[in-house]
Amino acid sequence: MRPIGTATRGTTNPNRLRRMDRWIAATHGPALRRADAPVAVDLGYGAAPWTAVELLERLRTAEPRTRVVGIEISPERVEAARPYEREGLTFRHGGFEIPLPERPALIRAANVLRQYDEAEVAAVWQRLCDRLAPGGLLVEGTCDEIGRRHVWVALGPEGPRTVTFATRLGSLGRPSDLAERLPKALIHRNVPGEPVHAFLRDFDRAWAAAAPYASLGARQRWITAVRALSGAWPLTDGVRRWRQGEVTVKWAALQPER
């Protein structure tokens, strides 16, 4: 069967997806531990296999039995990754069809859908979610080249659940700086009248109001701003994640207007 999808630019860097990986390990770790034989997919890992290698290391802190399969639509990239295979880590030629005999407990698709049209996203999400094991998770999003700013959507077999904004706080000017890293389903919706635009507008206002806390550090300013934001938006996490420079909001609050 011919792989479904098109090749990405292949851009990748070590440690680029650390924020996403740590969030997955923290929030999806219990599901990995409940799985009989947890398999995670790094879909579209790029020209070098660093992100798949790192995903294995980070997920095994949550569940040592986890196996990772890196899937690439470019056969040349798969062959280049073969020397990095080890116990628990393999690479396979494929695309959105996820050519595995088992259903994975996790599919991570980072910086894959940026090149697609917004109208194509829902069908790709559905295809990938249909391949998940019961209780599985799809994480799809975008980050900058060195992983300072990252936004991702988490989906279960039933569809989108949450959107997470994550950043290196020391380099953040204001929360709406993250808009340039919105996933494809949201990036063109950051305009007046759309929920994601209203969310980032309110976040910037809360950030400005929390300016006095900057003397205590960017982390305290972020926590204060997010706590204020929680009064108007359905956040799903708490201070423990906020301290990491993260905030997660329910998808239903940010989903595009039809």
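The values are calculated or read from the model by the stated rules, or taken from the named source; none is laboratory data. Note that this is a predicted model, so its numbers are computed, not measured. All Cβ positions, even for glycine, are placed from backbone atoms using ideal geometry, and neighbour counts span all protein chains on display. Keep in mind that these areas ignore ligands, DNA and RNA; they rest on the heavy atoms of the full protein, side chains included. Shrake-Rupley method; radii C 1.70, N 1.55, O 1.52, S 1.80 Å.
Eigenvalues of the alpha-carbon gyration tensor of segment 168-258, scaled by 5 and square-rooted, set the equivalent ellipsoid semi-axes at 22, 13, 12 angstrom, largest first. Work from the charge dipole of segment 127-258 (Cβ charges, +1 for Lys and Arg, -1 for Asp and Glu, about the Cα centre) and give the residue of L182, L172, C143 farthest towards its positive end. Farthest along the dipole direction, towards plus: L172. Projected onto their three principal axes, the Cα atoms of segment 1-126 cover extents of 34, 33, 29 Å, largest first.
For the pair segment 10-61 / segment 193-233, the C-alpha centres are spaced 29 Å from each other. Answer with one residue from L17, A123, A105: the one whose Cα lies farthest towards the positive end of the charge dipole of the chain, charges on Cβ with Lys, Arg +1 and Asp, Glu -1. Farthest towards the positive end: L17. For the chain, the relative contact order is 15 percent, taking Cα pairs closer than 8 Å that sit 6 or more residues apart in sequence and dividing their mean separation by the residue count. Helix 50-62 and the longest principal axis of the Cα set of the chain meet at an angle near 80°. How many percent of the accessible area of the chain is carbon or sulfur, using a 1.4 Å probe? So the carbon and sulfur contribution to the accessible surface is 49 percent.
When the convex hull of its Cα atoms is viewed from all sides, the chain shows a mean projected area of 13.3 nm². Counting only protein chain heavy atoms and rolling a 1.4 Å probe, the accessible areas of E145, E118, E158 rank, largest first, as E158, E145, E118.
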